[in-house]
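Novice: Please read through the structure below; I'll follow up with questions.
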Amino acid sequence: MRLSINEQYCNGFSEKACLIGMNKQLSIQLDIVRGYAAFFVLLAHTNGWFIMPLTGLSSPSHLVMSSIAHFSVLIFFVLSGFVITNSLLGNKQQYTFINPSAYLKARALRVLPPFLFAFLLSLAVGLIIIIFDLHGSKTFRTPHDLYVARESVEFNTADILATAFLSNGIFNTGTISTNGPLWSLSIEVWLYGIALVTAVAIEKRFRSLLLLVLVISILIWQFPRTNSLTIYACYWALGSAVRITMNYPDRMKLFKTVLLLIFSVGIITAAVFPQKVFPFLWVGAAAAPVNLSILILLIFLFSKYRGATPRVFARIGSVLAKCSYTLYLIHFPLLLISFSFFHVIFLDFSTWNKVLFLLILDTAIIAIAYYCASILEDRELWSRLLGNHFE
């Protein structure tokens, strides 16, 4: 006999947790994973801004940190697929049908306040550097640098508009130069819409089939131009599949078999195309099985050992979990303005002073993100401010 969502996951948990079919402990664990992923992206970009001018692109630190950052972003997409699928299932359970209005409002409350703040912060940082002719207004490069994350602060109208309307990386447009991480947010938001259309099409069956065909056609049309949306949709779908199979224990065996096949294809790909696998920076179609294999391994390791997390990492993770989204969106412009102020004198620091400076800098950025997140990620606050009372 198949158990209901409530019977499987909600015994002993709150009504809200029951509604979405995900208990509180699992939600906390996912938030911690997301928090550490954002933290590793911060470390990678700190390395890119301050260390790579000294070591260059061929340094081991670049290889290691870039690979970690790459997989952290993939983890974001997997978690997004899991959580958004869970949200759609909860939406259907609450309203007995997919309610697009409630879904879109909830997504807007989650995405827009932090995004708009990050976007305006990025513009402000760039304008401050240009208007006051700070280091980077003409060039960040010094005669001693082997590499710089940005040659200078540049504003391109097309990129600003594309970023503002979350179309950067979708229609052959770039991301505003003062905030590189915003590229992934636009893809994630488009996947929110695709997920909604797909869910409605499945629910309405043939009545919305044409809409689903249209979405798939757009993906195929976009693939030759920029494969980012299509490729990252694969990772998003992995998280979605994990959530769906939670409701169908009898299909878990089939799902594990599929994952095993993906893992096998990944190993074969690694053997046939080693130059495309190491470093793990290539996100083309042939590398997807390799990336998926590593993500699958991480998922299984996490599910097996999550209860054995050292207390100190759990405490740090709980802090990062509360500001992961904001940290991911605002850390880049904060690093950029810090680099503008301290780049030249940083070159003369001793090794230990460099380490101490970067430790203080990243701690300060996390503290700023934590404070900002208490406002920007408070969905109840924004719901009241906007005059809409919904979950």
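The values are calculated or read from the model by the stated rules, or taken from the named source; none is laboratory data. Owing to the predicted nature of the structure, the values given are computational and were not obtained by experimental measurement. Note: ideal-geometry Cβ built from the backbone for every residue, glycine included; neighbour counts use all protein chains shown. For accessibility, only protein heavy atoms count, side chains too; no ligands or nucleic acids. Shrake-Rupley method; radii C 1.70, N 1.55, O 1.52, S 1.80 Å.
Novice: Specify the inter-centroid distance of region 137-190 and region 59-121, based on alpha-carbon positions, in whole Å.
Specialist: The distance from the Cα centre of region 137-190 to that of region 59-121 comes to 20 Å.
Novice: Spelling out what I want: for every residue of region 136-144, take phi, set θ = phi - 60°, compute 6.51 cos²θ - 1.76 cosθ + 1.60 (Karplus), and round to whole Hz; glycine and proline get x.
Specialist: x, 5, 10, 6, 8, 6, 10, x, 8
Novice: Counting Lys +1, Arg +1, Asp -1, Glu -1, what net charge surrounds GLY126 among other residues with beta carbon under 14 Å of its beta carbon? Kindly include the intermediate steps, with their values, before the conclusion.
Specialist: Values: positive: LYS138, ARG150; negative: ASP133, GLU151, GLU154, ASP159.
Taking every Cβ under 14 Å from that of GLY126, the sum is -2.
Novice: Further question: How large is the dipole of region 63-152 about the Cα centre if only Lys and Arg carry +1 and Asp and Glu carry -1, each at its Cβ, rounded to the nearest 20 debye?
Specialist: Details: 7 positive and 3 negative charges, 76 e Å.
So the dipole magnitude of region 63-152 works out to roughly 360 debye.
Novice: Oh, and also: How much of the accessible area of region 319-360, in percent, comes from carbon and sulfur atoms when a 1.4 Å probe is used?
Specialist: On the way: 1410 of 1870 Å².
That share works out to 75 percent.
Novice: Using a 1.4 Å probe and ignoring any ligands, DNA or RNA, find the accessible area of PHE313 and quote it in Å² to the nearest 10.
Specialist: 100
Novice: If you don't mind, there's one more thing I want to ask. Over region 51-205, consider all pairs of different Cα atoms and compute the Kirkwood hydrodynamic radius from their mean reciprocal separation; express it in Å, one decimal.
Specialist: Values: mean 1/r = 0.0550 Å⁻¹.
After inverting the pairwise mean of 1/r, the radius is 18.2 Å.
Novice: Compute the Rg/Rh shape ratio of region 105-185: radius of gyration over Kirkwood radius, all on alpha-carbon atoms. Mind showing how you got there, number by number?
Specialist: On the way: Rg = 14.3 Å, Rh = 13.8 Å.
Computed over Cα atoms, the ratio is 1.04.
Novice: On a 1.4 Å probe surface of the protein chains, which of TRP382, TRP49, TRP352 comes out largest in accessible area, and what is the full order?
Specialist: Numbers: TRP382 65, TRP49 0, TRP352 200 Å².
Most to least solvent-accessible, the answer reads TRP352, TRP382, TRP49.
Novice: Another question about this same structure. Test of the criteria: in region 107-146, which chymotrypsin sites (Phe, Trp or Tyr not before Pro) are in a DSSP loop and have at most 16 other Cβ atoms within 10 angstrom of their Cβ?
Specialist: Working: sites: PHE115, PHE117, PHE119, PHE132, PHE140; in loops: PHE132, PHE140.
Here the chymotrypsin sites (Phe, Trp or Tyr not before Pro) that fit, given the DSSP loop and packing criteria, are PHE132.
Novice: If you don't mind, another one. Could you sort out which of LYS138/LYS322; LYS24/LYS92; LYS138/LYS354; LYS24/LYS105 sit more than 30 Å apart by Cα distance in this structure? Write out the running numbers ahead of the final one.
Specialist: Details: LYS138/LYS322 37 Å; LYS24/LYS92 20 Å; LYS138/LYS354 25 Å; LYS24/LYS105 23 Å.
Pairs exceeding the cut-off: LYS138/LYS322.
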